[in-house]
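So the structure is just underneath, and the comments pick up after that.
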Amino acid sequence: MLSQIERRIQEAVAARLREHYGIEDLPVTLEQPREVSFGELAVPAAFQLARRLRRPPREIAAELAAGLGPIEGVARLEVAGNGYINVRLDRGHYGWALLQGGEWEKEPRPGKVIVEHTNINPNKAAHIGHLRNAVLGDTFARMLRAAGRQVEVQNYIDNTGVQVADVVVGFLHLEGKSAREVERLAAAERFDYLCWDLYARVSAYYKEHPEALAWRQAALHAIEEGEGEAAEMAHVIADAIMLAHLATMRRIGITYDVLPRESEILHLRFWATAFELLKERGAIHFETSGKNAGCWVMPAAAFSEDSGEGDGKVIVRSDGTVTYVGKDIAYQLWKFGLLGKDFYYRPLVREPDGHIVWVTADEPGEEPAPEFGRASEVYNVIDSRQSYLQDVVVAGLRALGFEEQAARSIHFSYEMVALSPRTAVELGIELTEEDSRRPYVEVSGRKGQGVKADDLIDKLVETARREVDARHPEAPAAERARVAEQIAAGALRYFMLKFTRNAVIAFDLQEALSFEGETGPYVQYAAVRARNILRKYAERGERLPEFASVLNREAMARQLAFEDFWQLLLAASKADTAVRRAVATGEPAQVAKYAFQLAQAFNTFYHDCPVIHEQDAERRTFLLWMTDYFRRQLEATLAVLGIGVPEYM
RNA sequence: GGGCGCGUAGCUCAGCUGGACAGAGCAUCUGCCUUCUAAGCAGAGGGUCGCAGGUUCGAGUCCUGCCGCGCCUACCA
């Protein structure tokens with residue numbers, strides 16, 4: 001809605017510039033005035049012209065504004081400050097247009113976007129760092145969809161890597177378990193927690209007994225070959241934990257379209273194909289001397305600006321096994337449809353909403369699968385510590401001559417989640433004097449430190465449940481449980497989204513468990529309040545009026561003359577703009593901030609202005625409509641954030 | 001050493017392509033529940049935007065140089 005008016009203003013100003021000054025190369029930008037009392041939009045063009053024309057901006061602004069004819073949707077223009085042209089919208093026109101339609105503007109583009117996120121090693125329970133990844137990825141995918149793009153969400157399962165091998169070593173050598181015994185354990189509750197501890201024990205064992213690293217090598221080899229006890233055990237572990245991760249993420253509304261597995265990358269010879277390509281086109285070479293002797297290496301010059309120091313990146317180890325990066329290059333090629341091969345697929349689980357999650361398979365399945373891959377754009381949601389490896393992957397594409405795809409391979413990076421010193425101490429992690437003074441402490445998953453995702457969600461649900469029980473003791477228990485879960489999920493998702501991507505989160509348990517101020521529940525509460533108004537109105541036996549027939553443009557203009565009403569409506573109408581802007585900058589936090597500010601505006605309105613008890617009929621109708629419009633806009637925004645609105649709070 | 005990122009209120013963080021007097025939440029203090037639920041609202045105090053230059057009509061935002069901090073720089077991912 002707003003962007004249509006913006007376009008008209010830009011066109012009108014551009015035309016005026018052309019006709020009056022003969023200027024065609026000045027892009028007309030629009031800003032939001034600092035103060036709402038200045039109007040809804042501001043044109044700073046006079047400042048840019050001042051230099052060229054060598055005249056004071058204020059004078060130019062006056063001249064410019066005077067020559068602009070009437071613009072649809074604009075009530076008037078004012079010259080302000082030392083050269084701004086402030087725009088006042090025609091409020092009646094605006095409100096009326098929103099009442100008529102007010103659909104979200106989209107920017108559809110051809111081609112499919114792949115968003116890859118979560119990507120947790122299937123060897124232990126998920127932790128809060130993984131939650132940040134998944135929430136960012138899931139929200140970004142929702143943002144893209146809301147903006148009209150076609151999106152496919154992938155979650156890569158590294159089921160043949162070192163981390164899984166380490167847990168295999170643990171079961172095999174520290175626990176003396178067979179694949180069959182592990183299978184029984186895997187069927188029990190909290191297998192991911194059990195592996196979390198075992199993984200930490202294995203890591204500690206390596207430290208004490210470095211010779212045990214040979215076990216890892218052997219396991220890794222066996223897994224890559226796909227045969228023997230270790231390989232079988234690896235599959236059991238990885239599959240069970242993959243399902244545990246899906247269950248964890250399901251709790252906060254996250255799901256996937258397809259899970260490409262590393263084992264298929266190997267067994268279907270994706271890697272072998274990519275390897276041949278890389279060799280053929282000279283992207284990697286065999287090292288015969290130096291510390292990388294016997295390895296296939298990508299030269300540092302390929303991915304680093306000044307290639308002075310680096311020795312390049314090992315793609316194939318001297319024992320013949322391929323590194324993660326190598327497999328990732330094959331995978332990235334497949335995503336763009338450049339490998340000339342495809343996986344087989346089988347349905348893995350059906351989500352409660354009917355959505356099917358597919359997983360790759362190494363032989364044809366019975367059910368026909370949708371087409372996966374063949375994207376025109378790929379976002380890899382991976383933390384910033386791995387930017388070096390992402391650079392290598394992209395360099396691989398470039399070295400193979402896929403310039404365009406390399407440019408469309410986007411590392412959607414974000415900073416790590418560390419712990420606040422206070423929370424670290426609460427978890428029993430010993431801190432040095434120095435650490436306790438720092439704003440945050442990085443913890444080691446290898447040592448079994450950190451906050452498990454499910455533990456955090458459990459705590460959030462408990463906290464929410466206490467509040468819900470206190471407020472609604474009469475409600476059925478099952479319903480209270482569901483409400484508490486929605487609040488917990490909202491709190492968690494908002495917490496992970498309120499920080500911009502490259503802020504290190506110092507995770508503080510108390511802060512995360514807070515439901516006041518800038519939090520998910522605050523925003524959910526505003527939506528619940530709006531719903532309550534409409535529900536209470538209906539309970540009084542009154543039917544919601546046919547707004548479009550009762551409220552005409554003049555009534556809109558009359559009501560929107562009140563500043564508070566106008567500001568709330570204006571804010572609510574900007575939801576689609578906020579999402580599109582956030583897509584453009586790749587910053588989900590902007591959507592979260594918008595939702596919070598909109599909720600704030602509504603809460604003020606809610607406090608100041610009773611809707612149902614309004615005496616004046618026209619105003620009451622208007623307020624009901626505005627409440628409903630606000631509700632729809634906030635709920636749609638929350639949906640983009642993956643946050644649901646509880647029945648009550 | 002090199003690469004990436006960060007440094008804004010006591011704390012945690014926003015600040016869109018440079019724009020009109022620097023924002024939010026938390027914490028502290030003061031008020032407001034007989035009204036559509038106070039997970040709320042209103043208000044107060046609190047900042048030489050790390051430092052120094054530069055570009056510009058205009059710099060928290062761009063450039064350069066320092067200072068401090070973090071991450072990466074594996075035949076782990």
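A few comments on the model shown:
- Scanning segment A:50-72 for residues that are in contact with a Phe, Trp or Tyr (Cβ under 7 Å, 6 or more places away or on another chain) and closer than 18 Å to A:Gln10 by Cβ turns up just one, A:Ala61.
- If only residues of segment A:529-581 that are of a type in the set (Lys, Arg) and in a helix (DSSP H, G or I) are counted, the one that is nearest to A:Pro108 (Cα to Cα) is A:Arg580.
- Applying the condition of being within 13 Å of RNA strand B (Cβ to nearest atom) and among the hydrophobic types (A, V, I, L, M, F, W, C) to segment A:604-621 and asking which residue is farthest from A:Leu569 (Cα to Cα) yields A:Ile612.
- Counted residues, segment A:278-337 - those being free of Cβ contacts under 8 Å to residues at least 12 places away in the same chain and either within 21 Å of A:Arg261 (Cα to Cα) or crowded, with 20+ Cβ neighbours inside 10 Å (or both): 2
- Of the listed requirements (1) in contact with a His (Cβ under 8 Å, 6 or more places away or on another chain); (2) within 9 Å of RNA strand B (Cβ to nearest atom), A:Asp328 misses just one: (1).
- Matching residues, segment A:604-649, being outside any loop (DSSP other than H, G, I, E, B), among the hydrophobic types (A, V, I, L, M, F, W, C) and surrounded by fewer than 19 Cβ atoms within 10 Å (Cβ to Cβ): A:Ala617, A:Ala636, A:Ala639
- Single residue of A:Glu31, A:Glu35, A:Glu78, A:Glu72 found to be among the acidic types (Asp, Glu), modelled with pLDDT of 90 or more and closer than 26 Å to A:Glu563 by Cα: A:Glu72
- Selection of segment A:501-522 for residues being farther than 18 Å from A:Arg471 by Cβ, more than 6 Å from RNA strand B (Cβ to nearest atom) and not in a strand (DSSP E or B) yields A:Arg501, A:Asp508, A:Leu509, A:Gln510, A:Glu511, A:Ala512.
- Among the residues listed as A:Ala45, A:Ala65, the single one being away from RNA strand B (no atom under 11 Å from the Cβ) and touching a Leu at 6+ places or on another chain (Cβ under 7 Å): A:Ala65
- Yes/no for A:Ala489 being small (Gly, Ala, Ser), within 9 Å of RNA strand B (Cβ to nearest atom) and either within 30 Å of A:Ala639 (Cβ to Cβ) or not in a helix (DSSP H, G or I) (or both): no
- Residue in segment A:314-324 that is modelled with pLDDT of 85 or more, near RNA strand B (Cβ under 6 Å from one of its atoms) and among the basic types (Lys, Arg) present: yes
- Given (1) surrounded by fewer than 17 Cβ atoms within 10 Å (Cβ to Cβ); (2) without any contact (Cβ under 8 Å) to a residue 60 or more places away in the chain; (3) among the small types (Gly, Ala, Ser), index of the condition A:Ala475 fails: (2)
- For the residues A:Ala599, A:Ala561, the requirement of being out of contact with any Phe, Trp or Tyr (no Cβ under 7 Å at 6 or more places or on another chain) and touching a residue at least 24 places away in the same chain (Cβ under 8 Å) singles out A:Ala561.
- Qualifying residue in segment A:174-190 (condition: in contact with a Ser or Thr (Cβ under 9 Å, 6 or more places away or on another chain), in contact (Cβ under 8 Å) with a residue 12 or more places away in the chain and in a helix (DSSP H, G or I)): no
- Some residue of segment A:15-27 being in contact with a Gly (Cβ under 7 Å, 6 or more places away or on another chain), more than 17 Å from A:Tyr94 (Cβ to Cβ), part of a helix (DSSP H, G or I) and not assigned by TED's automatic domain parsing to the domain that holds A:Ala571: yes
- For segment A:117-163, filtered to residues that are more than 13 Å from RNA strand B (Cβ to nearest atom) and of a type in the set (Val, Ile, Thr), the residue that is surrounded by the fewest Cβ atoms within 10 Å (Cβ to Cβ) is A:Val151.
- Candidate set: segment A:440-450, residues that are out of contact with any Lys or Arg (no Cβ under 9 Å at 6 or more places or on another chain) and within 19 Å of A:Ile505 (Cβ to Cβ); chosen: the one surrounded by the most Cβ atoms within 10 Å (Cβ to Cβ): A:Gly450
- Those helices (runs of 4 or more DSSP H) of segment A:213-294 in which at least 3 residues are closer than 14 Å to A:Gly326 by Cβ and not aliphatic (A, V, I, L, M), considering only elements entirely within it, cover A:270-280.
- Only one of A:Asn86, A:Asn121, A:Asn133 that is in contact (Cβ under 8 Å) with a residue 60 or more places away in the chain and of a type in the set (S, T, N, Q): A:Asn133
- Condition broken by A:Asp454, with the remaining ones in (1) in a helix (DSSP H, G or I); (2) more than 29 Å from A:Thr585 (Cα to Cα); (3) out of contact with any strand residue (DSSP E or B) (no Cβ under 6 Å at 6 or more places or on another chain); (4) near RNA strand B (Cβ under 10 Å from one of its atoms) satisfied: (4)
- When residues of segment A:211-238 are limited to those that are of a type in the set (Val, Ile, Thr) and more than 23 Å from A:Val316 (Cα to Cα), the one surrounded by the fewest Cβ atoms within 10 Å (Cβ to Cβ): A:Val236
- Residue match in segment A:1-12 (condition: out of contact with any strand residue (DSSP E or B) (no Cβ under 6 Å at 6 or more places or on another chain) and farther than 25 Å from A:Asp576 by Cβ): no
- Among residues of segment A:518-541 that are closer than 15 Å to A:Leu623 by Cβ, those with a beta-carbon under 6 Å from a residue that is among the basic types (Lys, Arg) and modelled with pLDDT of 95 or more at least six positions away or on a different chain give the pairs A:Ala530/A:Arg631.
- Leading residue by the ranking (nearest to RNA strand B (Cβ to nearest atom)) among those in segment A:25-42 that are small (Gly, Ala, Ser) and surrounded by 12 or more Cβ atoms within 10 Å (Cβ to Cβ): A:Ala42
- Evaluation of A:Ala584 against (1) more than 15 Å from A:Gln633 (Cβ to Cβ); (2) touching a residue at least 60 places away in the same chain (Cβ under 8 Å); (3) in a helix (DSSP H, G or I) (one fails), failing number: (2)
- Verdict on A:Ala484 being modelled with pLDDT of 95 or more and either closer than 27 Å to A:Trp271 by Cβ or touching a Lys or Arg at 6+ places or on another chain (Cβ under 7 Å) (or both): yes
- Unique match (being among the hydroxyl-bearing types (Ser, Thr, Tyr), at pLDDT below 90 and either in contact with a Leu (Cβ under 7 Å, 6 or more places away or on another chain) or more than 10 Å from RNA strand B (Cβ to nearest atom) (or both)) among A:Thr432, A:Thr463: A:Thr432
The values are calculated or read from the model by the stated rules, or taken from the named source; none is laboratory data. Remember, predicted model here, so these are calculated numbers, not experimental data. Using ideal geometry, Cβ is built from the backbone for each residue, glycine included, and neighbour counts are taken over all protein chains shown.
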